[in-house]
1. If Arg135 satisfies all but one of (1) among the charged types (D, E, K, R); (2) touching a strand residue (DSSP E or B) at 6+ places or on another chain (Cβ under 8 Å); (3) not in a loop (DSSP other than H, G, I, E, B), what's the number of the condition it fails?
2. Which condition number in (1) at pLDDT 95 or above; (2) crowded, with 17+ Cβ neighbours inside 10 Å; (3) among the hydrophobic types (A, V, I, L, M, F, W, C); (4) assigned to a loop (DSSP other than H, G, I, E, B) is the one that Leu253 fails?
3. Taking only pairs six or more apart or across chains, which ones have beta-carbon atoms under 8 Å, a first residue in region 137-153 that is farther than 14 Å from Ala122 by Cβ, and a second residue that is aromatic (Phe, Trp, Tyr)?
4. Give region 99-115 a look and list any residue that's part of a loop (DSSP other than H, G, I, E, B) and at pLDDT below 95, or say none.
5. Which of the numbered conditions does Leu233 fail, given that it passes all the others? Conditions: (1) touching a His at 6+ places or on another chain (Cβ under 9 Å); (2) surrounded by 21 or more Cβ atoms within 10 Å (Cβ to Cβ); (3) closer than 28 Å to Ser120 by Cβ; (4) not charged (D, E, K, R).
6. Taking helices (runs of 4 or more DSSP H) that do not extend beyond region 155-228, which have at least 1 residues that are touching a residue at least 12 places away in the same chain (Cβ under 8 Å) and within 19 Å of the chain's Cα centre (by Cα)?
Amino acid sequence: MPTSGGWAPVCPGRTRRRSLKQAQLPPIGCHEHCIVGFIYGILDAGLDGWPFSVGGQLWCLRGSIKEGLLTSASPAMVATRRPRKQIALRIKGKDRRIMHETRGYYGYYASPIGLIEIGSTAAGITSLSFVEGRRADFDSHPTLDEAIRQMAEYFDGTRHAFDLPLALHGTQFQREVWQQLLKVPFGQMVSYQGIANAIGRPRAARAVGAANGSNPISIVVPCHRVVGSDGSLTGYGGGLWRKEWLLRHEGCLLLFPQGGGIKQ
C-alpha cells in the first residue's frame, strides 16, 4: 500500500484493472470537513468507484450524485450499493417533475391604478404586486391568463370574488392570517384585532399586521380590507392611495370624504 496521502486500491485487483493514469493521480488537497462538495463533483463527473486518500485514510466513492456516499473500503458496504443507472433515472424523473412545479411564470395587467405583475408556478398563483415595468424575458401560463381575465372583471366592477388556485408560501402563522383574509368579503372591512380574534390569537394584533404586510398576493388575498381599530387605513405595500382607491372601488369608503380615513 502506498504512503499516507497517496492513492491505493479499494479491493485487491480493482485498481490494477484501471489505467496507470487513473490509479496514480496526485493526492487530493482537501480538508476532511470540506470533502462533501468535492464528492458531488466527482460523482457528477461519472468517476464513481475511484479510490482516493484524505487525511491519510483510504476512501471510495459510491452512489449517484443525489445519493452520494463516502464510504471506507468495505466489501459489505460495496455489496449494498444499488445500480447507479437505476438510481440516476429515478432521480432524473423526480427532478423534472419538481422543476415543472416550481418554474416561475409571469403575466401583466394594466390596471387603473398601475401595472400589476402576477407570478405563478404550475401549482398556482404565487404573487401579485404593483410594478414599474415588465420583465425583459418571461413565460406565460394558462393560470395567468385566467388570473388576468378575472382581474379585469374585478376592476370593471363585475367580479366580487376570485376563483384561482393559490400557492401561498409562508410561516404557519402567516398562512393562518392569509386564509382568514380570504374570508373577508368584497365591500367589507375588518380590523387587525378582528383577524387576531378570528384565528384564536387575540393578543397577536401586531403580528397580524406584520403578516398582512407580508401578503404576497395582493387584491386576490384582500389585505387592503384590513384597517385599524379606529377605521384608519394604516399601511399598504402598494401605497395608501391604492388601498383607499380599492376600498372606494368596493364601496367601503363611500361615507368618507376624499382622503378621509387615512392615518398618516
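1. (3)
2. Unmet for Leu253, out of (1) at pLDDT 95 or above; (2) crowded, with 17+ Cβ neighbours inside 10 Å; (3) among the hydrophobic types (A, V, I, L, M, F, W, C); (4) assigned to a loop (DSSP other than H, G, I, E, B): (1).
3. Phe138/Tyr105; Phe138/Tyr106; Ile148/Tyr108; Ile148/Tyr109; Gln150/Phe162; Met151/Tyr109; Ala152/Tyr109
4. Arg103, Gly104
5. Going through the list (1) touching a His at 6+ places or on another chain (Cβ under 9 Å); (2) surrounded by 21 or more Cβ atoms within 10 Å (Cβ to Cβ); (3) closer than 28 Å to Ser120 by Cβ; (4) not charged (D, E, K, R), Leu233 breaks only (3).
6. Working: elements: 172-181, 192-198, 205-213.
Fully inside region 155-228 and qualifying: 172-181, 205-213.
The values are calculated or read from the model by the stated rules, or taken from the named source; none is laboratory data. Only a predicted model underlies this, so the values are computations on that prediction, with no experimental measurement involved. For neighbour counting, all protein chains shown are included, and Cβ atoms are generated from backbone atoms with ideal geometry for every residue, glycine included.
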